[in-house]
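Report on the following structure.
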Amino acid sequence: MDPETAAVSAYLSPTDAAVPEGVYRLVGLPDGRATLLLVGDAEGRRVHSGRLVAVSRPALAGFERTDPPAPRRSVSGALTLGYWSVRAFARQLARTPFRAAGAALLLVAGFAADVSSAVPEAAAAALVVLGALALSLVGSGRL
């Protein structure tokens, strides 16, 4: 990389620099120096180490531009997020029991009306949609 055209926010990887392998982001260019933040490991996976490396501006010649590291995604992270989302939803429903019961009643009434032939199909579908919408609004804390 040309040290004179270096720009903050560029992603760099060392080619012959005296820093550990990985993906770095250029976060500062103060007074003839360059400050780099380690954002990816040698395989290109994102890391959150907080490790800063300071090199002289001419030492940027030992780096090359690269792509940003891939975001971290895992099945266990998705399962954990799902668990906490369901738990927060249930806790919000428990905080407002009357609203939650009213929304659930609309939903159940819609399903019951759909089973019976006394209520038009469109009305039963509308009750189901309204009940589900009301339940989601109560569970998210918006109603």
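Taken as a whole, the condition of being farther than 30 Å from Leu127 by Cβ and out of contact with any helix residue (DSSP H, G or I) (no Cβ under 9 Å at 6 or more places or on another chain) does not apply to Pro3. Restricting Val53, Val128 to those that are surrounded by 13 or more Cβ atoms within 10 Å (Cβ to Cβ), among the hydrophobic types (A, V, I, L, M, F, W, C) and touching a helix residue (DSSP H, G or I) at 6+ places or on another chain (Cβ under 7 Å) reduces the list to Val128.
When Ala10, Ala42, Ala17 are screened for being modelled with pLDDT under 90 and either in contact with a strand residue (DSSP E or B) (Cβ under 8 Å, 6 or more places away or on another chain) or among the β-branched types (Val, Ile, Thr) (or both), only Ala17 passes. Scanning segment 118-137 for residues that are hydrophobic (A, V, I, L, M, F, W, C) and either more than 29 Å from the chain's Cα centre (by Cα) or not in a helix (DSSP H, G or I) (or both) yields a total of 10.
For segment 69-88, a residue qualifies if it is modelled with pLDDT of 90 or more and either of a type in the set (D, E, K, R) or within 30 Å of Glu21 (Cα to Cα) (or both), and exactly one does: Arg87.
The values are calculated or read from the model by the stated rules, or taken from the named source; none is laboratory data. Predicted model, so just to flag it, every value in this text is computed and none were measured. Don't worry about glycine lacking a Cβ; one is built from the backbone with ideal geometry, like all the others, and counts go over all protein chains shown.
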